[in-house]
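Below: the structure, in structure tokens.
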Amino acid sequence: MSETSRLCRVDKFVVPDAAREEFLQRVRETHQILRRQPGLVRDAILEQVGGPGRFNIVTIVEWESQLAIDSARHAVMQAHAASGFDAHAIMQRLGIEADVAHYRELHD
């Protein structure tokens, strides 16, 4: 079988307990923007409930193509700029660590 052209962005975060509510509010706001973008296949916001992993919040967004990702990134950047939201500054202030990457599903 061939590999799919769909791409997933997987963001993993270490979020201190004191920052959880504010961080999740911002994540939910961003996902509301993403859900209105063409090319979105599915998204999920996950919270760790067990296991030894250090990342306690994970988001996954699947896109139809790189073009859809690029368009969505632009839309999010515009929305954040319009509202004065600086994701990097907030993550630094809240002490949040992030690991962000794009993935492609592999098929046998």
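If I model a spin label as a point 7 Å beyond the Cα along the Cα-Cβ vector, how far apart are those points for ARG28 and GLU47 in nm?
Output for this residue pair reads 1.0 nm.
Around GLN48, with a cut-off of 15 angstrom between Cβ atoms, what is the net charge of the other residues, counting Lys and Arg +1 and Asp and Glu -1? Please report the intermediate quantities before stating the final value.
Details: positive: LYS12, ARG20, ARG54; negative: ASP11, ASP17, GLU47, GLU97, ASP99.
Overall, the nearby charge balance is -2.
So what are the ³J(HN,Hα) numbers for region 47-56, from phi and the Karplus equation (6.51, -1.76, 1.60; θ = phi - 60°), rounded to whole Hz, Gly and Pro as x?
10, 5, 10, x, x, x, x, 8, 7, 9
Would you mind pulling out the separation of the Cα centroids of region 92-108 and region 1-69, in Å?
About 8 Å separates the Cα centre of region 92-108 from the one of region 1-69.
Can you give the net charge of the other residues whose Cβ lies under 10 Å from the Cβ of ARG93, counting K and R as +1 and D and E as -1? The partial results should precede the final answer.
Numbers: positive: none; negative: GLU22, ASP86.
For residues surrounding ARG93, the net value is -2.
Contour minus end-to-end for ALA101 and ALA79, with contour as 0.36 nm per residue of separation and end-to-end as the Cα-Cα distance?
The ALA101-ALA79 span can extend by a further 5.8 nm.
Ratio of alpha-carbon Rg to the 2.2 N^0.38 Å globular estimate for region 1-61, to two decimals, please. Don't skip to the answer; put the middle values down first.
Working: Rg = 13.6 Å, N = 61, 2.2 N^0.38 = 10.5 Å.
In units of the globular-protein estimate, region 1-61 measures up at 1.30.
Quick one: plug the Kirkwood hydrodynamic radius of region 7-103 (C-alpha pairs) into Stokes-Einstein at 25 °C, 0.890 mPa s, and report D in µm²/s. Can you show the working numbers first?
Numbers: Rh = 14.0 Å.
My calculation gives 175 µm²/s for D.
For the chain, give the magnitude of the charge dipole about the Cα centre (Cβ charges: +1 Lys/Arg, -1 Asp/Glu; no others), in debye to the nearest 20. Walk me through the numbers before you get to the answer.
On the way: 13 positive and 16 negative charges, 40 e Å.
The calculated dipole for the chain is roughly 200 debye.
How would ARG36, ARG9 line up from fewest to most surrounding beta-carbon atoms within 10 angstrom?
On the way: ARG36 10, ARG9 18.
If I rank by nearby Cβ atoms, fewest first, I get ARG36, ARG9.
Which of rounded, prolate or oblate describes region 52-108 when judged by the alpha-carbon gyration tensor and an a/c cut-off of 1.5? Let's see the in-between values first.
On the way: a/c = 3.59, a/b = 1.15, b/c = 3.12.
It is oblate, given that a/c is not under 1.5 and a/b is not larger than b/c.
When a footprinting reagent is the concern and you count Cβ atoms within 10 Å, what order do MET91, MET77 take, fewest first?
On the way: MET91 17, MET77 11.
Final ranking by Cβ density, sparse to dense: MET77, MET91.
Between ALA87 and ARG35, what is the FRET efficiency for a Förster distance of 22 Å, r being their Cβ-Cβ separation, to the nearest 0.05? Display every interim value, and only then the final one.
On the way: r = 18 Å, r/R0 = 0.80.
The pair ALA87/ARG35 has a calculated efficiency of 0.80.
Any read-out appearing in this document is the output of simple, stated calculations on the displayed coordinates, not a laboratory observation. What you see is a predicted model; the values in this text were computed from it and never measured. Note that each Cβ is placed from the backbone with ideal geometry, even for glycine, and that neighbours are counted across all protein chains shown.
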